[in-house]
1. Please go through the range 114-128 and give me each residue that is touching a residue at least 24 places away in the same chain (Cβ under 8 Å) and surrounded by 12 or more Cβ atoms within 10 Å (Cβ to Cβ), ordered by number.
2. For E218, are the conditions met, namely being in a loop (DSSP other than H, G, I, E, B) and either at pLDDT 95 or above or over 16 Å from A51 (Cβ atoms) (or both)?
3. Can you tell me which of (1) at pLDDT 95 or above; (2) open to solvent by less than 60 Å² (accessible area, probe 1.4 Å) is the one G80 doesn't meet?
4. Between a first residue in the range 186-198 that is among the hydroxyl-bearing types (S, T, Y) and a second residue that is modelled with pLDDT of 95 or more, which pairs have beta carbons less than 7 Å apart while being 6 or more apart in sequence or on different chains?
5. Any residue in the range 90-107 that is in a strand (DSSP E or B), more than 21 Å from G147 (Cβ to Cβ) and open to solvent by less than 60 Å² (accessible area, probe 1.4 Å)?
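The values are calculated or read from the model by the stated rules, or taken from the named source; none is laboratory data. Quantities reported herein were computed from a predicted structural model and do not represent experimental measurements. Note: ideal-geometry Cβ built from the backbone for every residue, glycine included; neighbour counts use all protein chains shown. Only protein heavy atoms, including side chains, enter the accessible area calculation; ligands, DNA and RNA are left aside. Shrake-Rupley method; radii C 1.70, N 1.55, O 1.52, S 1.80 Å.
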Amino acid sequence: MNKIYASPDTALDGLLKDGMFISAGGFGLCGIPELLIDAIVDSGVKDLTIASNNCGVDGFGLGKLLDTKQIKKMISSYVGENAEFMRQYLSGELELEFNPQGTLAERMRAGGCGIPGFYTKTGVGTQIAEGKEVKIFDGEEYILERGIVADLAIVKAWKADETGNLVFRKTARNFNPPAAMSGKVCVVEVEEIVKPGSLDPDHIHLPGIYVHRIIQGEHEKRIEKVTTRKREEA
């Protein structure tokens, strides 16, 4: 089975539709599937629900889909550094389901492992717990969180072999493995594709069974830069 596609557009061909649920890897601007996001913007699909740690920044990454009003709902941990995300949420234009980062990652992983739900203490006694089932284990309260199974997963990896085994580079690993696992179909963009057998099995972070389509491309690799040091007077 050939998993290699020539471009983001061809890799997403036949997979996109209005109202679909997409799971996206990345953390801030680190390890985001920017080429696939651009292709989704160009496709014009709308009313999307997207599960991702955050929604990029203004004008880049998933932030582009906010600019074009293609996102209906975000399932996220973090809203900061994206003024349009905050504006749409506060104005009621965008639905937002807040999830703690660890819970969101585990919901993705659980969905990929066929686990429909799990109990966690994270969020007990807060707004996160509102409307969720509560169960007592060893005298402590836990809330039920549902596993995430998305129509499509889009992720970014460093290397892939032709069968879809993936290697992520350092912190770009972040949400990418669980996001990939959670998709009924997973499309990956990588910096390099190598022959089967070229990757050390001990270095593979995600097996190819989770990966359906792969593209290779050039990436902008923007860096978020925040400093808290007081500026020195001239």
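1. Matches in the range 114-128: I115, G117, F118, Y119, T120, I128.
2. Numbers: in a loop (DSSP other than H, G, I, E, B): yes; either at pLDDT 95 or above or over 16 Å from A51 (Cβ atoms) (or both): yes.
The answer is yes for E218.
3. Of everything listed in (1) at pLDDT 95 or above; (2) open to solvent by less than 60 Å² (accessible area, probe 1.4 Å), G80 misses just condition (1).
4. Taking only residues 6 or more apart or on different chains, the pairs are S198/D161.
5. Initial filter on the range 90-107 (in a strand (DSSP E or B)): 95-98.
Still in the list and also more than 21 Å from G147 (Cβ to Cβ): none.
No, there is no match, as no residue in the range 90-107 is in a strand (DSSP E or B), more than 21 Å from G147 (Cβ to Cβ) and open to solvent by less than 60 Å² (accessible area, probe 1.4 Å).
Yes or no, residue by residue, for (1) within 23 Å of the chain's Cα centre (by Cα); (2) under 30 Å from G14 (Cα atoms):
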| site | (1), (2) |
| --- | --- |
| Q88 | yes, yes |
| S91 | no, no |
| G131 | no, no |
| V134 | no, no |
| G139 | no, no |
| E145 | yes, no |
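One line per residue, one yes/no per condition, for (1) among the aromatic types (F, W, Y); (2) open to solvent by 50 Å² or more (accessible area, probe 1.4 Å); (3) touching a Lys or Arg at 6+ places or on another chain (Cβ under 6 Å):
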site	(1), (2), (3)
T10	no, yes, no
S23	no, no, no
G26	no, no, no
L29	no, no, yes
E34	no, no, no
D47	no, yes, yes
I50	no, no, no
N53	no, no, no
I75	no, no, no
